[in-house]
Amino acid sequence: VVIGGCNSSNTTHLQEIAITKKIKSFHIDTPERISVEDNSIYHKPLKSELVMQKKFLPDGEIKVGITSGASTPDKVVADVIEKLIAIAN
């Protein structure tokens, strides 16, 4: 999950790195883009508008990496982590 302003060049670069490494990435600008209730996320694919992905976290054991731009508040990152844990449980 890449967190940062949807128009930030730094967070866009972070997403480009994930794509280059063939790692699925979801670029969001706020934790409210994640729905715990229906395991969905509104995210901004590279060079695209916002789209919704249903069942974005698969069943079973997963590994998640989270990165954010320097201007992203720690509270935003913490809220995203909490939502991901709630979906996984």
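The values are calculated or read from the model by the stated rules, or taken from the named source; none is laboratory data. On a predicted model such as this, the values are computed, not experimentally measured, just so you know. Ideal geometry is used to build each Cβ from the backbone, glycine not excepted, and the neighbour counts take in all protein chains shown.
The table that follows gives values for the structure above.
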{"quantity": "Number of positions in the stretch 29-47 that are in a loop (DSSP other than H, G, I, E, B), at pLDDT 85 or above and within 16 Å of Q15 (Cα to Cα)", "calculated": "4"}
{"quantity": "Number of positions in the stretch 42-87 that are under 12 Å from H27 (Cα atoms), more than 12 Å from the chain's Cα centre (by Cα) and of a type in the set (S, T, Y)", "calculated": "1"}
{"quantity": "Residue tally, condition in contact (Cβ under 8 Å) with a residue 12 or more places away in the chain and loosely packed, with under 10 Cβ neighbours inside 10 Å, over the stretch 49-58", "calculated": "1"}
{"quantity": "Count of the stretch 20-52 residues which are farther than 21 Å from T72 by Cα and in contact with a His (Cβ under 7 Å, 6 or more places away or on another chain)", "calculated": "1"}
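One line per residue, one yes/no per condition, for (1) in contact (Cβ under 8 Å) with a residue 24 or more places away in the chain; (2) touching a Leu at 6+ places or on another chain (Cβ under 7 Å); (3) surrounded by 11 or more Cβ atoms within 10 Å (Cβ to Cβ):
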{"site": "N39", "(1), (2), (3)": "yes, yes, yes"}
{"site": "K47", "(1), (2), (3)": "no, no, no"}
{"site": "G60", "(1), (2), (3)": "no, no, no"}
{"site": "G69", "(1), (2), (3)": "yes, no, yes"}
{"site": "V80", "(1), (2), (3)": "yes, no, yes"}
{"site": "A88", "(1), (2), (3)": "yes, yes, yes"}
